[in-house]
Amino acid sequence: MQPSLKKTPYKVAVLLPCHNEEAAIGKTVAAFRHALPDASIYVYDNNSSDNTVAVAQENKAIVRSERLQGKGHVVRRMFADIDADVYILADGDATYDADAAPKMVTMLCDEGLDMVVGIRQSVSDQAYRPGHKLGNRILNFILAWLFGHSFTDILSGYRVFSRRFIKSFPLLSTGFEIETEISVHALELQMPVAEVDTRYSERPEGSFSKLSTYRDGWLILLTIFSLFRLKRPMLFFSSIGLLLAIAGIALAVPLMITYCYTGLVPRLPTAVLSTGLVILSSLSFACGLILDTVVYGRREALRLAYLTQPSPHEIF
C-alpha cells in the first residue's frame, strides 16, 4: 500500500459522482480519506433510490445533489461549484485504487501538469471485461486517427486535474461520454498531461454497473465524431467536399468524352447531378473555411480563460 500524501499548503478536492452506490460509497470514501487525509471529499448524489446519501454522510463526506440525470450533469455541477487547487475525479463504486491518488497528485504538482490519467490495469476479468477492453482500444484508435494523437485509456474515469484545466473547461456532455470530451479538451489546448497505471478492481457485492456496453459505446463514438466536426471543421467539411467533388467529376468525365466526340450532352439529368455535386463540394469547402475561423477564435477564448488561472508551478 502506498503512503498517504503528506500535509500540503494547497486544497485537494476528491469528486465522487454517485447513483445508487450504497454498497460501495462507504468503502470509496474511507479509501480516499486514508490516502488523502487532508483532502475534501465530495459526494454528489444523482437521484439515488437507495441509502447512498446516508452512507456517505456517515463516512463524513460532503454530500450534495444534482437532479438532472446523467454523469455529465453531475460532473459539470461539481466543476462549477467546487473551488480547489487540485481536483481528483473518480467513481463511487470502489473500483479505482485510491492509494494511487497521492502519486498522481505529486506528479501533477512536481511536473506542473494539467491532467494525470489513471490507466486501468484490471485485477480480474470481472473488473474490466475483454469486450470493454476491445471497445476502448477501438475508440482510442479512432480518436488518435481523427485528432492526430490520443491517450492510452480515454474512457478512464480516474483523473487528477489542475485548477486551470477545470475552470477553462466548458463541459457540455450529459452522460458517460464526458471522459471523451475531457480528453479532447486537453488535446485541443495542447495541455501538459501524463498517464500512470492504476489498479482497477471489480465492484463490491451489491454494487451494479450503470453502463450499457453497446448503447454507451455508440454514444461515445457519436461524441467523438461530433467533437471532430466541432473542433476540426476544416478537415471535416473538406473531407465531405472532396468526396462530393470526386463523385461529381466521375459522373462528368464520360459526359465530357461524349461531348468532345459528338458535341452533344445526351444525359442531361446526369450532367445536372454532376454540376450539383461540384457546387455542393464548393459550398462544403467554404463552410469548413468559415467554421474553422470561428473555431480558431473560440480556441483563443478558451486559451485566454486557461491563462487567467495560475499555473501549477505558481500554486505548488
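Confirm whether residue 154 is surrounded by fewer than 18 Cβ atoms within 10 Å (Cβ to Cβ) and either assigned to a loop (DSSP other than H, G, I, E, B) or not hydroxyl-bearing (Ser, Thr, Tyr) (or both).
No: the conditions fail for residue 154.
Which residues, taken from the stretch 230-245, are in contact with a Leu (Cβ under 9 Å, 6 or more places away or on another chain) and assigned to a helix (DSSP H, G or I)?
230, 231, 233, 234, 235, 236, 237, 238, 240, 241, 244, 245
If you go through the stretch 90-98 one residue at a time, do you hit one that is open to solvent by less than 30 Å² (accessible area, probe 1.4 Å), modelled with pLDDT of 90 or more and part of a helix (DSSP H, G or I)?
yes
Looking at (1) at pLDDT 85 or above; (2) over 13 Å from the mean Cα position of the chain (by Cα); (3) part of a helix (DSSP H, G or I), can you tell me which one residue 183 breaks?
Of the numbered conditions (1) at pLDDT 85 or above; (2) over 13 Å from the mean Cα position of the chain (by Cα); (3) part of a helix (DSSP H, G or I), the odd one out for residue 183 is (2).
Name every residue in the stretch 250-268 that is open to solvent by less than 100 Å² (accessible area, probe 1.4 Å) and in a helix (DSSP H, G or I), in order of residue number.
250, 251, 252, 253, 254, 255, 257, 258, 262
For the stretch 278-310, how many residues meet the condition of being assigned to a helix (DSSP H, G or I), open to solvent by less than 80 Å² (accessible area, probe 1.4 Å) and not aromatic (Phe, Trp, Tyr)?
Within the stretch 278-310, residues that are assigned to a helix (DSSP H, G or I), open to solvent by less than 80 Å² (accessible area, probe 1.4 Å) and not aromatic (Phe, Trp, Tyr) number 15.
Quick one: what pairs do we get from the stretch 45-68, first residue under 15 Å from residue 19 (Cβ atoms), second assigned to a helix (DSSP H, G or I) and open to solvent by 40 Å² or more (accessible area, probe 1.4 Å), C-beta under 7 Å, 6+ apart or different chains?
As it stands, the answer is 45/53; 63/53; 63/57; 66/77, since those pairs meet every condition given.
Across the stretch 40-75, what is the number of residues that are among the hydrophobic types (A, V, I, L, M, F, W, C), buried (at least 22 other Cβ atoms within 10 Å of the Cβ) and in contact with a Lys or Arg (Cβ under 9 Å, 6 or more places away or on another chain)?
Final tally of qualifying residues: 3.
Can you pull out every residue in the stretch 180-195 that is out of contact with any Phe, Trp or Tyr (no Cβ under 8 Å at 6 or more places or on another chain) and open to solvent by less than 10 Å² (accessible area, probe 1.4 Å)?
Hit for the stretch 180-195 is 180, nothing else.
The values are calculated or read from the model by the stated rules, or taken from the named source; none is laboratory data. Worth saying up front: this structure is predicted, and the values here are computed from it rather than measured. A quick note on method: Cβ atoms are made from the backbone with ideal geometry, for glycine too, and the neighbour counts reach across all protein chains shown. Ligands, DNA and RNA are excluded from the accessible area calculation, which covers all protein heavy atoms including side chains. Shrake-Rupley method; radii C 1.70, N 1.55, O 1.52, S 1.80 Å.
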